[in-house]
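The values are calculated or read from the model by the stated rules, or taken from the named source; none is laboratory data. Not measured: the values here are computed from a predicted model. Virtual Cβ from ideal backbone geometry, glycine too; neighbours counted across all protein chains shown. Ligands, DNA and RNA are excluded from the accessible area calculation, which covers all protein heavy atoms including side chains. Shrake-Rupley method; radii C 1.70, N 1.55, O 1.52, S 1.80 Å.
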Amino acid sequence: MSAVVEKTEQIVDEILEVYSEKTLKKRAGHIAVKDSPAGSDCSTCAVKSNVKSIPGVMTARGCAYAGSKGVVWGPIRDMVHLSHGPIGCGYYSWSTRRNLAQGRPGVDNFVPFQFSSDYQEKDIVYGGAQKLEDICREISGLFPLAKGISVQSECPIGLIGDDIEASAKKMQTELKLPVIPVRCEGFRGVSQSLGHHIANDTIRDHVLGKGKLADPGPYDVAIIGDYNIGGDAWASRKILEEIGLRVVAMWSGDGELETMKLTHAVKLNLIHCYRSMNYIARHMEETYDIPWLEYNFFGPSKIESSLRAIASRFDDKIMENAEKVIAKYRPAMDAVLAKYRPRLEGRRVMLYVGGLRPRHVIGAYEDLGMDIIGTGYEFAHADDYKRTIPQLKEGTVIYDDVTEHELDGLVKKLQPDLVGAGIKEKYVFQKLGVPFRQMHSWDYSGPYHGYDGFPIFARDMDMAINSPTWKLVKAPW
């Protein structure tokens, strides 16, 4: 065991020793230190994941409602997504992820709005079926261009046993409009990950295969699991179309119900966020014989390798186009690296995010000469860590559903130059004097994907670390 690994393991042990024996036993399995070089597996990195958080120990996880409404369904722009329950969940989830979408707000783009059934005490007592049906009628009357309604259930709906399926079926017949019930009550499962799965299943049952592609072609693809945060999906789509592919549907950033119905006719599904959308990709592979490929458009190195992997699934024409696109953008990427790498070389980064980012952004940071010294997921499964660990260097800390105490301790003891996490962590570390980037919604910046996004990513990391502000605030160390 190297000295770096031994020292880091000692730090982890010191952080965990404050717990009771029972809590220590549970949490110790969620944190590991990689004991081998990048590109290899780790003999001691079996990270425990996808289990319930410990009551009383702070967690940054979201719930099943957050996974369905906030991630999978919410970014679909031509539908109204109804938060069915008390106002709090809907209000809290309103526009927090910056899923950009085309169209006129309130006409054919409903992403900027929050629709809630605003459950009251009497609805809990007497049930809300009639209220739900009245709201569906109101939505249909106020927004005649809406292509459908999704009913995103909050906790009380499941607790009182409201039959949203019956109400949705009745309204679909009456309004001649898809009304899709989604059983994503927040108490289901251990995190928002189950909400992704539930949402995928409802799309499978109510959307997929319901349309017919008029002019199928050999280069038809779908973007799966890109939520267009700050325009990410647009940046990705631009590259794919530039190499000659046709993007038939986007799931679900700037997505449309009508195009998502056609996805069963594409030749390849390109999946960006594996955790949230692998379920539907596997279903299409099994049912429609559509292969899927995970890709990564963060940073020039990963863009190039992903473009070549995508192109290899098609013919010589697409492969040649991919090389032309890579050559076209390389000078611009080299210019970005020449400007920012000298300012960021050797800086140490700790990450704690959800979905794909704890592993997908590693390459972008490394392109800038930065080192990842710790990374982890809020709601990962074992297969996420299997995909992540080979990308990490020896001595990197890997943590799952890390608690507030653990993350605070790791940052203070490992002393990173930058922390990339969510809004719950942002102000804590900034007040400690630690540079921070909000890696869920890009801190109101973006895009970060593709050739359009990397210059913005590099600028934002430089701005965070090298801001003269930090001369006025000292970190604890």
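Dipole check for region 90-193: with +1 at the C-beta of Lys and Arg, -1 at the C-beta of Asp and Glu, and the Cα centre as origin, the magnitude is about 440 Debye. Across region 53-61, computed HN-Hα scalar couplings (Karplus, 6.51 cos²θ - 1.76 cosθ + 1.60, θ = phi - 60°) run 5, 7, x, x, 9, 4, 10, 9, 5 Hz from first to last residue, x flagging Gly and Pro. When the alpha carbon gyration tensor of region 150-302 is reduced to an equivalent ellipsoid, the three semi-axes, largest first, read 29, 19, 13 Å.
Here, P(r) means the percent of Cα pairs in each 10 Å bin from 0 to the largest distance; for the chain it is 4, 19, 29, 26, 16, 6, 0.
Remark on region 145-214: ratio of C-alpha radius of gyration to 2.2 N^0.38 Å is 1.21. Using a/c under 1.5 as the rounded threshold, could you call region 1-76 rounded, prolate or oblate? The axes a ≥ b ≥ c are square roots of the C-alpha gyration tensor eigenvalues, and prolate needs a/b larger than b/c, oblate otherwise. It is oblate, given that a/c is not under 1.5 and a/b is not larger than b/c.
Using R0 = 45 Å, the C-beta based FRET efficiency linking residue 121 and residue 41 works out to 0.25. Taking the Cα centre of the chain as origin and assigning +1 to Lys and Arg Cβ atoms and -1 to Asp and Glu Cβ atoms, the resulting dipole is close to 620 debye. Between the Cα long axis of helix 129-142 and the first principal axis of the chain there is an angle of about 90°, rounded to the nearest 10. Accessible surface for the chain, divided over its residues, is 41 Å² per residue with a 1.4 Å probe. Between 0 and 90 degrees, the angle of helix 232-242 with respect to the longest Cα principal axis of the chain falls at about 90 degrees.
Residues whose amide H lies under 5 Å from that of residue 220, counting only those 5 or more places away or on a different chain, are 246, 267; hydrogens are built 1.01 Å from N in the peptide plane. I'd like the orientation of helix 164-175 relative to the chain: the angle between its Cα long axis and the longest Cα principal axis, in ° from 0 to 90, rounded to 10. Helix 164-175 sits at roughly 50 degrees to that axis. When the GluC sites (Glu not before Pro) in region 7-50 are filtered for DSSP coil states and for at most 13 other beta-carbon atoms within 10 Å of their beta-carbon, the remaining sites are 17. Projected over every direction and averaged, the convex hull enclosing the alpha-carbon atoms of region 170-248 yields 7.8 nm². Separation of region 357-400 from region 41-102 is 21 Å, based on Cα centroids.
What are the GluC sites (Glu not before Pro) within region 266-315 that DSSP puts in a loop, where the Cβ has at most 11 other Cβ atoms within 10 Å?
Here no loop site has a sparse enough neighbourhood.
For the pair region 134-156 and region 257-306, the centres of their Cα atoms are 29 angstrom apart. Annotation for region 359-431: GluC sites (Glu not before Pro) lying in DSSP loop with at most 10 further Cβ atoms inside 10 Å of their Cβ do not exist. For the chain, the mean residue ellipticity at 222 nm estimated from helices alone is -13000 deg cm²/dmol, where every DSSP H run of n ≥ 4 contributes -39500 (n - 2.57) and the total is divided by all residues, rounded to the nearest 500.
For residue 437, the amide hydrogen comes within under 5 Å of the amide hydrogens of 419, 420, 421, counting only partners 5 or more places away or on other chains and with H modelled in the peptide plane.
In the chain, the portion of solvent-accessible area held by carbon and sulfur atoms comes to 54 percent [1.4 Å probe, whole percent, DNA, RNA and ligands not counted].
Multiply the residue separation of residue 424 and residue 22 by 0.36 nm, subtract the distance between their alpha-carbon atoms, and state the gained length in nm to one decimal.
Contour length minus Cα-Cα distance gives 142.1 nm.
Taking a point 7 Å from the Cα of residue 471 along the Cα-to-Cβ direction, the residues of region 418-458 with backbone N closer than 17 Å to it are 435. In this structure, residue 14 and residue 312 have a Cβ-Cβ separation that, at R0 = 41 Å, corresponds to a calculated FRET efficiency of about 0.30. Think of it this way: in the chain, 63, 89, 136, 155, 184, 273 stand alone, with no other Cys Cβ under 4.7 Å.
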